[in-house]
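A short write-up of the structure that comes next.
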2 protein chains.
Amino acid sequence: MKGNELDRRVLKTRQAINEALFSLMEEKRYNKITIQDIIDRANVGRSTFYSHFATKDELLFSSVEDELEILNQYIKSYIEYDGEKPRVNSVMELFEHIQEDSKIVKGLFKTESADFFFEKVEIYWNHRLEEYLQSKLPLGKNPKVPIKILTNHISSTLINLLKWWVNNNMSYTPSQMDQYFRDLINPCIDSVFYNDSTKS
Amino acid sequence: MKGNELDRRVLKTRQAINEALFSLMEEKRYNKITIQDIIDRANVGRSTFYSHFATKDELLFSSVEDELEILNQYIKSYIEYDGEKPRVNSVMELFEHIQEDSKIVKGLFKTESADFFFEKVEIYWNHRLEEYLQSKLPLGKNPKVPIKILTNHISSTLINLLKWWVNNNMSYTPSQMDQYFRDLINPCIDSVFYNDSTKS
DNA sequence: ATTAAACTGAACAAAGTGTTCAGTAATGAA
DNA sequence: TTCATTACTGAACACTTTGTTCAGTTTAAT
């Protein structure tokens, strides 16, 4: 065992700890889970835990990194430009992914610390959206609402829909949720960019 | 001191504890504040604290109850019905209130536990909005998006705007923010109730 | 002055955190 | 198989925080 490749034992141990955390999150709130709970569930020594993670939050974040990467990827096919109007594209695959992966996600959505996760998702999405909308701004038009507020609105609407859906037993299909998302956002994009006559 | 009126000392003590918490929240995260911190700042004995509040969360919630009541009141003038279309009404006063009261609110918005607060606001607002929209549903029309999802969208959009605003140094006026809110929501209400032709 | 309620703060038990370290187990290389 | 290395174990420890208890003190109404 001299090679610089990671010992498989290490990965196995980390995964056991990881799974113990999410298993526990199905039973109680993240804040109430102790490190003792985790190492008992994972069958791992106390010092082993601390050799891998300095704090519980660090464990949570590391557990969630892959999920974060996946969600970030979805944003890339998130907007289309049909030559005339920017519109949000289908996010059905995102909802489908959440549905399949609901074990990790359900725990995460219950976590009080979930916000640190969604914050990261939102920051990435906002960045992408802003880049896109800025570059496609109709010349000579001033958006009725600042771009930063609009992008923030779009991201948080999607995240909010996801949360609502998960917390209401996913009682609509991914396809329906996708449609609802676009019904909520596209008229608003139209109005912000093109419709100067909307009274309010 | 036999009367059944509350001792003024009690109120004074509770207020001292209360103010200590919010004073501390300007300096560090709620999770990192210990009860020892609070009683030191409030100049109050340990057992006094526990005679008033069982936990730190209970203190936070009690501190925030008045604020909650105020925010709930704003929702009541939140929607108008002009005889033809339901539309969100001005929420400028809400933004103005937040601006004036920013001491308590800023601390609250930083709190990881803020969500328990906004959840309560959202539940109340959703309830009111749903009641309203249901009763005013245009006959013979089916909304494109379920009412519950729409109400949830409206509430969370407003809360999200508030959060964004506070976290970005309130760099727009309450009047502007009010306008942005309506620009984001009204086209979407129109579309959900009246426009069957929005392609997506 | 008397009295009842509120506050004080030290002492305590319990639970959790994070570190240390001597010992054990696993594994790749010789 | 043996050896060396690295990872894991778990008991012991110091430290922090929590929440309770209680004897004594302060406050203020009567």
Treating the point 7 Å from Cα along Cα-beta-carbon as the label, what are the nm separations from A:Ser47 to the other copies, to one decimal?
4.3
Förster-model FRET efficiency, 25 Å R0, B:Arg46 and A:Asp115, C-beta, rounded to 0.05
0.20
Inter-probe distance in nm under a simple model that places probes 7 Å from Cα toward Cβ, at B:Asp101 and B:Asp66
0.9 nm
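Can you give the local net charge around A:Asn126? Use residues other than it whose beta-carbon is closer than 12 angstrom to its beta-carbon, Lys and Arg +1, Asp and Glu -1.
-1
Taking the Cβ of A:Tyr180 as the centre, find all other residues whose Cβ is under 12 Å away and add up their charges (Lys, Arg: +1; Asp, Glu: -1).
Within the 12 Å Cβ shell, the charges total +1.
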List, in the order given, every pair from A:Lys120/B:Lys120; A:Lys106/B:Lys136; A:Lys28/A:Lys120; A:Lys141/B:Lys148; B:Lys32/B:Lys148; A:Lys144/B:Lys106 whose Cα-Cα distance in the structure shown is over 30 Å.
A:Lys106/B:Lys136; A:Lys141/B:Lys148; B:Lys32/B:Lys148
If ligands, DNA and RNA are left out, what is the accessible area of B:His127 with a 1.4 Å probe, given in Å² to the nearest 10?
120 Å²
Solvent exposure, largest accessible area first (probe 1.4 Å, DNA, RNA and ligands not counted), of B:Tyr50, B:Tyr30, B:Tyr132:
B:Tyr50, B:Tyr132, B:Tyr30
A:Thr151: accessible area at probe 1.4 Å, nearest 10 Å²?
0 Å²
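The values are calculated or read from the model by the stated rules, or taken from the named source; none is laboratory data. From a predicted model like this one, the values you see are computed outputs, not experimental measurements. For neighbour counting, all protein chains shown are included, and Cβ atoms are generated from backbone atoms with ideal geometry for every residue, glycine included. With ligands, DNA and RNA removed, areas are computed over all heavy atoms of the protein, side chains included. Shrake-Rupley method; radii C 1.70, N 1.55, O 1.52, S 1.80 Å.
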